[in-house]
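Data block below; observations after.
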Amino acid sequence: QVCSINSRFAKVHILYVGSTPLKSTFRGTIRREDIRATEKDKVEVYKSFRPSDIVLAKVISLGDAQSNYLLSTAENELGVVVARSEAGVQMVPISWCEMQCPRTHTKEFRKVARVQPQFLQT
């Protein structure tokens with residue numbers, strides 16, 4: 001779950017590993033260059049994630065003392081899976097880079113995950 005974002009990275013709390021819920025939260029960071037596999041220099045963090053988004057990511061390494069784990073969403077299957085609009089409604093993905101609020105029909109940019117069927121039941 002995304003806690004905060006800035007121009008260089010998104011801070012997240014790791015809530016699950018696979019389908020196993022964690023007893024305590026672990027902190028992680030998704031760096032700007034680890035958000036997408038292509039056009040890494042054009043990625044803007046605020047157009048990929050927002051605080052409270054639920055993200056499917058892969059651990060790429062142990063980070064430093066400030067950010068326990070470095071995470072990546074640089075695959076089509078990884079990215080935002082659950083996002084809430086400003087109206088508080090769960091948003092619907094409409095493309096690989098946009099989600100739409102079903103109530104207000106406003107569109108917001110996200111790095112949308114193409115969720116594989118085996119992850120849908122979790």
Residue in region 75-106 that is nearest to E39 (Cα to Cα), counting only those that are surrounded by 13 or more Cβ atoms within 10 Å (Cβ to Cβ) and small (G, A, S): G79
field: Conditions (1) under 21 Å from R8 (Cα atoms); (2) assigned to a loop (DSSP other than H, G, I, E, B); (3) among the polar types (S, T, N, Q): number failed by S61
entry: (2)
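Residue by residue through region 2-18, note down the ones that are open to solvent by less than 80 Å² (accessible area, probe 1.4 Å) and modelled with pLDDT of 90 or more.
Matches in region 2-18: V2, C3, S4, I5, N6, F9, A10, K11, V12, H13, I14, L15.
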statement: Considering region 58-74, residues that are open to solvent by 40 Å² or more (accessible area, probe 1.4 Å) and not hydroxyl-bearing (S, T, Y), and then whichever is nearest to the chain's Cα centre (by Cα), we arrive at K58
- line: Filtering region 19-48 for residues that are under 17 Å from A113 (Cβ atoms), free of Cβ contacts under 8 Å to residues at least 60 places away in the same chain and either in a strand (DSSP E or B) or open to solvent by 50 Å² or more (accessible area, probe 1.4 Å) (or both) leaves a count of 4
statement: Across region 5-18, the tally of residues that are over 12 Å from the mean Cα position of the chain (by Cα), assigned to a strand (DSSP E or B) and not β-branched (V, I, T) stands at 2
query: Identify, please: which residue in region 49-58 is in contact with an Asp or Glu (Cβ under 9 Å, 6 or more places away or on another chain) and assigned to a strand (DSSP E or B) and is, among those, nearest to R110 (Cα to Cα)?
result: L56
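The values are calculated or read from the model by the stated rules, or taken from the named source; none is laboratory data. Small disclaimer: the values here were computed from a predicted structure and weren't measured. Cβ atoms come from the backbone with ideal geometry, glycine included; neighbour counts cover every protein chain shown. For accessibility, only protein heavy atoms count, side chains too; no ligands or nucleic acids. Shrake-Rupley method; radii C 1.70, N 1.55, O 1.52, S 1.80 Å.
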